[in-house]
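Read the structure below first, then the notes.
The values are calculated or read from the model by the stated rules, or taken from the named source; none is laboratory data. Small disclaimer: the values here were computed from a predicted structure and weren't measured. Virtual Cβ from ideal backbone geometry, glycine too; neighbours counted across all protein chains shown.
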Amino acid sequence: MKLKVQSSKFKIITQNLKFYTMLSALPFLFFVLFGCASIKEGVRGILGISTKSLEEARNTAVTQTFKGDYNNCYNKTIEILRDMHAYIYAKNPKKDLIAVYVSAEDTTPVGIFFKKIDENNTQIEVSSPSAYAKEHIATKLFPDLVISLNPEKGEEKNK
């Protein structure tokens, strides 16, 4: 009779020990999976919505300066991207960024970064790890943005 009581206590103790061992391994597991990156960025990477690669590709971005204030450029860019059927997956005004996929079917990430030059001029950078995606978005976005910001130029082209 005493052996059964002791063996059931032993089972409970070993089960608790296994649980606490697994629980204590979780911080190590997070460190291994995410390295030095923040947990937030690691989760974004797993979900496929990270903007880190877009920020790293800015040194090869296609850049153009537009005659238009920052807010107008930002809002017109969103309208044009929607008309292009680009899938907007992140808008981060703090990072001056709109992150898109080329389309709902083509999930190549492209970042559009904004920089206020002065009250009437805004610089836009289109970056992507993919040269094709970057050029594809820039060649459609930039001309449409010029026309959208300066409707009289669009009328001149139609004549």
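Listing for the model above:
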| item | result |
| --- | --- |
| Any chance Asn59 is loosely packed, with under 13 Cβ neighbours inside 10 Å and either touching a residue at least 12 places away in the same chain (Cβ under 8 Å) or at positive phi (or both) | no |
| Qualifying positions in the stretch 108-129 - outside any strand (DSSP E or B) and either among the charged types (D, E, K, R) or surrounded by 15 or more Cβ atoms within 10 Å (Cβ to Cβ) (or both) | Thr108, Glu119, Ser128, Pro129 |
| Pairs where the first residue, in the stretch 114-139, is under 16 Å from Ala57 (Cα atoms) and the second is basic (Lys, Arg) and surrounded by 21 or more Cβ atoms within 10 Å (Cβ to Cβ), C-beta under 8 Å, 6+ apart | Val126/Lys134; Ser127/Lys134; Ser128/Lys134 |
| Which listed residue is over 20 Å from Glu55 (Cβ atoms) and more than 14 Å from the chain's Cα centre (by Cα), from Glu79, Glu135, Glu125 | Glu79 |
| Unique match (being modelled with pLDDT of 95 or more and part of a helix (DSSP H, G or I)) among Ala138, Ala133 | Ala138 |
